[in-house]
1. Give the residues of region 132-165 that are of a type in the set (A, V, I, L, M, F, W, C) and free of Cβ contacts under 8 Å to residues at least 24 places away in the same chain, sorted by residue number.
2. Out of the residues in region 113-165 that are in a loop (DSSP other than H, G, I, E, B) and out of contact with any helix residue (DSSP H, G or I) (no Cβ under 6 Å at 6 or more places or on another chain), state the one that is surrounded by the most Cβ atoms within 10 Å (Cβ to Cβ).
3. Which residues, counting only those in region 111-151, are over 13 Å from L53 (Cα atoms) and among the basic types (K, R)?
Amino acid sequence: MGVLTDYFRAADDAAVLAALEDAEGGPLVGGARPVFDGVEAKGVDPDVVLGQLVAVVRGVEWEADLVGGAPVWPATPPPGREGPADEDDPWATGPWVMRLGGAVRDTLADLPQAELAAVAARWAATAEELPDADGDDLRPLVEELTGLARRAREAGEDLYCWICL
């Protein structure tokens, strides 16, 4: 079983919550037109794998809090609650949505087109979670993510990640 991850852009958390209440299957479904503009990125979790991409682009070492995301769904658990209440609890079952830090959007948006291949190759070399991928495999994803980040910044929107098991 793999982790499904979709990256998308939205005006704010309220827009995400309102749209996803009725959208089964995530932010990129919706018949002829997806709910949001986004990118399918199976297995590219925001904290580790996307964080490694961000580290490569910035030329820094990866750190666990580099992406700096904030949970949007499910909402923060009530005070005093340690974890999922039961197997139907969305904290246990997902899906989960997190808003990525604005610096992540800007880091990706600022990546020059001419550097995409080199960045994809360095990302492939550092991302142990993508063992079968090389720079040629990852270049289209890097291009899609940077394009999404540019469109988000131009529209004054944030980047989000939808995660489902």
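1. In the first step, residues of region 132-165 are kept if they are of a type in the set (A, V, I, L, M, F, W, C); the result is 133, 138, 141-142, 145, 148-149, 152, 155, 159, 161-165.
Of everything in region 132-165, those that are of a type in the set (A, V, I, L, M, F, W, C) and free of Cβ contacts under 8 Å to residues at least 24 places away in the same chain turn out to be A133, L138.
2. First pass over region 113-165, keeping only residues in a loop (DSSP other than H, G, I, E, B): 127-134, 156-157, 165.
Applying the additional criterion that residues be out of contact with any helix residue (DSSP H, G or I) (no Cβ under 6 Å at 6 or more places or on another chain) yields 128, 130-132, 156-157, 165.
On the way: E128: 9, L130: 17, P131: 7, D132: 6, G156: 9, E157: 20, L165: 10.
Once the filter is applied, the top-ranked residue is E157.
3. R150, R151
Read-outs throughout are calculated quantities, based only on the coordinates presented, and are distinct from any laboratory measurement. Here the structure is a predicted model, which is why all the values come from computation and not from measurement. Cβ coordinates were reconstructed from backbone atoms using ideal geometry, including for glycine residues, and neighbour counts include every protein chain displayed.
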